[in-house]
Amino acid sequence: MRSYALRTAVTLCFAASLAAAAGAPSSARPTAAPAADTVRQEPRSPVIVDCFWHANVRPADFMLACGDGNSRLTSLHWSKWSTGSASAEGVNVVNDCRPYCAAGKFHSYRVVVRLDRVKPWKKHPEVQHYSRITLEYQGDRPDGFARTVTYPLWD
């Protein structure tokens, strides 16, 4: 008797979920979208694409060396994020790789970060992304690095 009641309850729940999935009555369904010329959308901000091909806006952290993780940006505080460029202050954490990278130590360097060269993202051409990053070291910098370094960003 108990298994019959359980089967009945499961069957009723299944039927109710099917009815809900079938949708609302046609009067409650949305109508066609308005004509394209009547829809006005604000331009979307460009994104920065990370190592995992995720689009980010104003990230707090950003990996520069995707292959080995030996250089990353942390504590990013964005003062500008616009359709043409972005800028932030933060810290570049870099492995000195001495005597080799697995045994190296990470060191922190204050930087000003600039993003620019906005263009369509190959993965999603409707999305604009920053394609260049510039780091300007504010004090000490890693051995062999110029005061200002510029890198292309992945697409």
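A Cβ distance below 8 Å, combined with a sequence gap of six or more or placement on separate chains, defines the contacts here; from the stretch 72-99, residues that are of a type in the set (Val, Ile, Thr) reach residues that are surrounded by fewer than 12 Cβ atoms within 10 Å (Cβ to Cβ) in the pairs 83/43.
Scanning the stretch 36-51 for residues that are at pLDDT below 50 and of a type in the set (Asp, Glu) turns up 37, 42. Considering every residue within the stretch 7-23, establish whether at least one is modelled with pLDDT under 50, more than 16 Å from residue 118 (Cβ to Cβ) and part of a loop (DSSP other than H, G, I, E, B). Checked the stretch 7-23: at least one residue is modelled with pLDDT under 50, more than 16 Å from residue 118 (Cβ to Cβ) and part of a loop (DSSP other than H, G, I, E, B). If you scan the stretch 96-129, which residues turn out to be crowded, with 17+ Cβ neighbours inside 10 Å and in contact with a His (Cβ under 8 Å, 6 or more places away or on another chain)? Across the stretch 96-129, the qualifying residues are 118, 121. A Cβ distance below 6 Å, combined with a sequence gap of six or more or placement on separate chains, defines the contacts here; from the stretch 120-131, residues that are touching a residue at least 24 places away in the same chain (Cβ under 8 Å) reach residues that are assigned to a strand (DSSP E or B) and of a type outside the set (A, V, I, L, M) in the pairs 121/129; 131/117; 131/119. Do we find a residue being under 16 Å from residue 57 (Cβ atoms) and of a type in the set (S, T, N, Q) anywhere in the stretch 108-127? So far as the stretch 108-127 goes, no, none of its residues is under 16 Å from residue 57 (Cβ atoms) and of a type in the set (S, T, N, Q). Reported count of residues in the stretch 130-153, each being assigned to a strand (DSSP E or B) and loosely packed, with under 14 Cβ neighbours inside 10 Å, is 4.
The values are calculated or read from the model by the stated rules, or taken from the named source; none is laboratory data. Small disclaimer: the values here were computed from a predicted structure and weren't measured. Every residue, glycine among them, receives a Cβ derived from its backbone with ideal geometry; neighbour counts consider all protein chains shown.
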